[in-house]
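Structure, as structure tokens:
The values are calculated or read from the model by the stated rules, or taken from the named source; none is laboratory data. Quantities reported herein were computed from a predicted structural model and do not represent experimental measurements. As a convention, Cβ positions derive from the backbone with ideal geometry for all residues, glycine included, and neighbour counts pool all protein chains shown. Surface areas here come from the heavy atoms of the whole protein model, side chains and all, with no ligands, DNA or RNA. Shrake-Rupley method; radii C 1.70, N 1.55, O 1.52, S 1.80 Å.
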Amino acid sequence: MYRNMSEQVTLEDMARAAMFSKFHFSRVFQKATGVSPGRFLAAMRLQEAKRLLLSTSLSVTEVSQRVGYQSVGTFSARFRSSVGMSPSAYRRMGGAPLDTCGTLSSGHRSTTRSATVRGQVAAPSVPSGLGQIFVGLFPDRLPQGRPVRCTALRKPGSYELNDVPLGTWYVLSYSVATDRAPVAPTPQESGHGFYIGNNGPITIRPETHVRAADVRLRPMTRLDPPVLLALLDERARESATT
């Protein structure tokens with residue numbers, strides 16, 4: 001997938017490379033990464049698009065072609081739904097959105113009683129220190145699109161997400177070492193200054209008042225789905241304006 005991102009890679013192609021049947025390959029891949037091969041590849045393509053938008057002068061059309069999209073309209077729509085803003089706006093803002101975490105949360109509203117999700121975010125010792133720590137609640141294991149609820153911490157410690165609607169959710173936490181550019185890493189950079197943690201699934205029922213969900217940050221690996229949310233690139237705008 002990493003070497004053929006611009007090609008129309010199919011599930012059959014991936015399974016053949018792994019020497020598995022496509023059904024067995026899909027099961028093994030999802031167990032290892034938490035998402036299907038197709039969704040992982042789509043996330044990788046958008047991660048690479050983010051990098052190209054900020055580091056090259058390629059047009060949006062050229063970027064879409066580089067990451068395997070035949071239609072720039074389809075690319076733009078998927079970029080917006082996953083990253084939270086259009087490709088042109090992402091480039092113009094230097095990778096950071098105008099939204100704060102509070103306004104970035106999705107419109108999920110509970111029609112009955114809602115709950116609070118709270119816990120502790122633990123992190124390894126990082127020589128250069130960690131930047132802002134994002135904590136968000138998502139409907140599945142893939143950290144993209146608008147979170148159901150989110151917050152940001154200046155350092156490891158306690159977090160709290162209020163007015164969480166009924167349903168089953170995943171808690172994702174993410175941070176970048178202060179000596180690294182915050183834009184999504186290339187495959188070769190995974191694990192070098194990028195940290196991720198998760199907890200879930202957690203279920204909020206009508207009788208749930210408070211749900212505990214601790215998270216421990218660890219270095220990202222090549223098996224972790226890319227984190228696409230533009231909010232997490234906040235320091236890109238800071239570096240672009242200094």
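Of the chymotrypsin sites (Phe, Trp or Tyr not before Pro) in the range 17-78, not one is in a loop by DSSP (not H, G, I, E or B) with at most 12 other beta carbons within 10 Å.
Accessible area ranking (1.4 Å probe, heavy atoms, ligands and nucleic acids excluded), largest first, for Glu207, Glu48: Glu207, Glu48. The 1.4 Å probe gives accessible areas that order Met19, Met1, largest first, as Met19, Met1.
Taking all protein chains as they are arranged and a probe of 1.4 Å, the heavy atoms of Lys22 leave approximately 70 Å² accessible to solvent.
Largest accessible area first, the listed residues Arg3, Arg205 line up as Arg3, Arg205 when surface is computed with a 1.4 Å probe on the assembled protein chains.
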